[in-house]
Amino acid sequence: MGVLIVAGTVALVVLLVQRSGSGRGSTALPPMNLNLPSGSRILGVAGAQDRFAVHVQGPEGDRILLLDARTGRIVGEILPGASVPVR
């Protein structure tokens, strides 16, 4: 009887570990290519919810690319220091 209890407990733990490990694959980022010009450097990356920002320094200046974490597509761009017209 004790052997069955131990075997059942081990099987339950193994099953829980396997199921919790399978969720990790869904949070992996897809492969992406930012097509940065030669001489560009990535200075930092920050994420929030389903988007993340990549701070890029390049020959034309700094910019921040906003990417969709699920698809890897660029969904926006911020040019620090660029003047914005006031309406």
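Quick notes on this structure:
- Top-ranked residue in region 48-87 [being modelled with pLDDT of 85 or more and among the acidic types (Asp, Glu); ranked as nearest to residue 38 (Cα to Cα)]: 60
- Scan of region 67-82 for residues that are outside any loop (DSSP other than H, G, I, E, B), surrounded by fewer than 14 Cβ atoms within 10 Å (Cβ to Cβ) and touching a residue at least 12 places away in the same chain (Cβ under 8 Å), ordered by number: 75, 77, 78
The values are calculated or read from the model by the stated rules, or taken from the named source; none is laboratory data. A quick note: this is a predicted structure, and the numbers were derived from the prediction, not measured. Using ideal geometry, Cβ is built from the backbone for each residue, glycine included, and neighbour counts are taken over all protein chains shown.
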